[in-house]
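The values are calculated or read from the model by the stated rules, or taken from the named source; none is laboratory data. Computed from a predicted structure; not experimentally measured. Positions of Cβ are backbone-derived with ideal geometry, glycine not excepted, and every protein chain shown enters the neighbour counts. Quick note on the areas: whole protein, heavy atoms, side chains included, nothing else; ligands and nucleic acids left out. Shrake-Rupley method; radii C 1.70, N 1.55, O 1.52, S 1.80 Å.
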Amino acid sequence: MPIYYTIFRAVVSTEKEETMASTRKLNTKDGTPFYEIIVSRGRGKSALTSRWYPPPGWSQKAIDRELTRVAAEFERKVKAGEVLSREEERERKQQRDLEAAQIRTLKQYGTAVFMPSVAVRCAENTRSSYQGNLDKWIYPALGGYKMPDITAAQISALLLSMQAKEKSHGTILKVYTILQTLFKMAYMSDVIDRNPMDKVERPKPRKGESVAQEAEAYSAQEIRHIWDCLEQEPLKWRALVRLLIDTGIRRGECCGLQWQDVDFKANTITISRNLCYTSAEGVYLDTPKNGKSRMIDVDPNVIQLLWQLRQEQARHAISPYVFTQDASADPMHPQSPTRYLKKFSQKYGVAGLHPHKLRHSFASIAITNGADIASVSEKLGHTDKAVTLRMYTHADQESMKRASQIFRNAVNQTGGGTK
């Protein structure tokens, strides 16, 4: 029988309805504990539920703290209408389909159907990028045309015009991808009876356009060189860059880290926040990219740097955030690490230094030296292990030689030696 008890209950009253959030502890069939979060929405509306699984090894105090945060965030989403029941989802889809049937131009479809869908299923950074490219490139060229009348030739002409203006290949590919996603959605919902993108070729680099082929990851020797250079840098940046290198966490996850997430005794940090920035929203706090918290171990030397940083920070400002703006309690801007590493790169001659390359380096060095994919994927916060395999397995000559030698050793031991 599942165990049931209420952890907390919060009540928010309005003129029209009462919103309640409560939690209870349950177990799956195999005995795995989880917490069910229930939000009651008042008369005439069904309650909505969500599940949260506490990471293994957490203390009850840590569980209660994180559960309170997760429950409050779920309640906020329910109140904002971001979470709906299945019946409400069906009704919303029917309404969108009805609106889509009345839509005539690409801009009308993009504004009323496509972008609201993107906002629900994508992170704010993605939504902002989509909107920017629609406003700058797609709407001026195709926005006034009726959806069924847009041809593959018109779309190809837009992409070619961007190449003629010498826009980067990456920018052109983004526009191509947005158009592909938009027209596929329109076709699947019967707004159009054919998809013009089926006849649009994926853009290729312009003739003579050079595509940078810099290494995607640093070697262990190059990482040690970066460590040596960091010894001459301020404590805040030494701690931040060493943490990025040692854990492979994302830039926003690092900037969103709070002192309550650091366990100085266990040498671990908990990643449960992601600090983001868009021109429309400014700086805002979000969940990690995959929506899940994770606990990861940290080199004791890096933990020691964090402890020194906490003492130094306390002399200037008391902040819940680990990495803050100079002499301020405000969190560091999520783009600051990128700007700092660019200056560091120029100062010490470290080519192509940026936060994501350090993330690649962590995974590449770990995998090529024998770490299993599942563990690396979990530490990086990937939802799908295939992403780790596809993006981070950089086999160098040394690791390929080692793989060959492992094979030869196995065969020789079985067959009694080479012939």
Of (1) under 29 Å from the mean Cα position of the chain (by Cα); (2) loosely packed, with under 15 Cβ neighbours inside 10 Å; (3) at pLDDT below 85, Val11 fails just (1)
- Task: Kindly establish whether Arg194 is within 31 Å of the chain's Cα centre (by Cα) and not small (Gly, Ala, Ser).
- Result: no
When His316 is run through (1) farther than 22 Å from Arg65 by Cβ; (2) of a type outside the set (Phe, Trp, Tyr); (3) modelled with pLDDT under 95; (4) touching a helix residue (DSSP H, G or I) at 6+ places or on another chain (Cβ under 8 Å), the failure sits at (4)
When every residue in the stretch 365-381 that is part of a loop (DSSP other than H, G, I, E, B) and farther than 25 Å from Ser272 by Cβ is compared, the one most open to solvent (accessible area, probe 1.4 Å) is Asn369
*asked:* Quick check on Ile192: is it among the hydrophobic types (A, V, I, L, M, F, W, C), farther than 15 Å from Phe114 by Cβ, surrounded by 13 or more Cβ atoms within 10 Å (Cβ to Cβ) and touching a Pro at 6+ places or on another chain (Cβ under 6 Å)?
replied: no
When you scan the stretch 189-197, do you find a residue that is within 29 Å of Ala351 (Cβ to Cβ) and among the polar types (S, T, N, Q), even just one?
no
Subset of the stretch 263-302, residues among the β-branched types (Val, Ile, Thr), open to solvent by 10 Å² or more (accessible area, probe 1.4 Å) and within 20 Å of Asp330 (Cβ to Cβ), comes to Val283
The residue that is nearest to Val322 (Cα to Cα), considering only those in the stretch 219-245 that are among the acidic types (Asp, Glu) and open to solvent by 40 Å² or more (accessible area, probe 1.4 Å), is Glu231
Checked the stretch 213-230 for anything more than 16 Å from Asn301 (Cα to Cα), in a helix (DSSP H, G or I) and either among the aromatic types (Phe, Trp, Tyr) or modelled with pLDDT under 90 (or both); matches are Ala220
Open item on the list: Please verify whether Asp198 is under 30 Å from Met147 (Cβ atoms) and either in a helix (DSSP H, G or I) or modelled with pLDDT of 95 or more (or both), treating the condition exactly as stated.
Closed with: yes
Going through the stretch 23-47 in order, the residues found to be at pLDDT below 90 and open to solvent by less than 30 Å² (accessible area, probe 1.4 Å) are Arg41, Gly42
**Message:** Looking for something within 21 Å of Glu312 (Cα to Cα) and touching a strand residue (DSSP E or B) at 6+ places or on another chain (Cβ under 6 Å) - is there at least one such residue anywhere in the stretch 237-256?
**Reply:** yes
Scanning the stretch 146-155 for residues that are of a type outside the set (D, E, K, R) and modelled with pLDDT under 95, the one surrounded by the fewest Cβ atoms within 10 Å (Cβ to Cβ) turns out to be Pro148
Does any residue of the stretch 67-81 turn out to be touching a strand residue (DSSP E or B) at 6+ places or on another chain (Cβ under 9 Å), open to solvent by 80 Å² or more (accessible area, probe 1.4 Å), under 27 Å from Ser272 (Cβ atoms) and at pLDDT below 90?
yes
Within the stretch 327-364, residues being outside any helix (DSSP H, G or I), farther than 17 Å from Val283 by Cα and in contact (Cβ under 8 Å) with a residue 60 or more places away in the chain number 4
Per the list (1) outside any loop (DSSP other than H, G, I, E, B); (2) at pLDDT 95 or above; (3) not hydroxyl-bearing (Ser, Thr, Tyr), residue check on Glu233 breaks on (1)
| Condition met for Cys254 (in a helix (DSSP H, G or I), closer than 27 Å to Gln131 by Cα and in contact (Cβ under 8 Å) with a residue 24 or more places away in the chain) | yes
Kindly evaluate Gln311 against the criterion of being of a type outside the set (Asp, Glu), in contact with a Phe, Trp or Tyr (Cβ under 9 Å, 6 or more places away or on another chain) and either without any contact (Cβ under 8 Å) to a residue 40 or more places away in the chain or over 27 Å from Ile365 (Cβ atoms) (or both). no
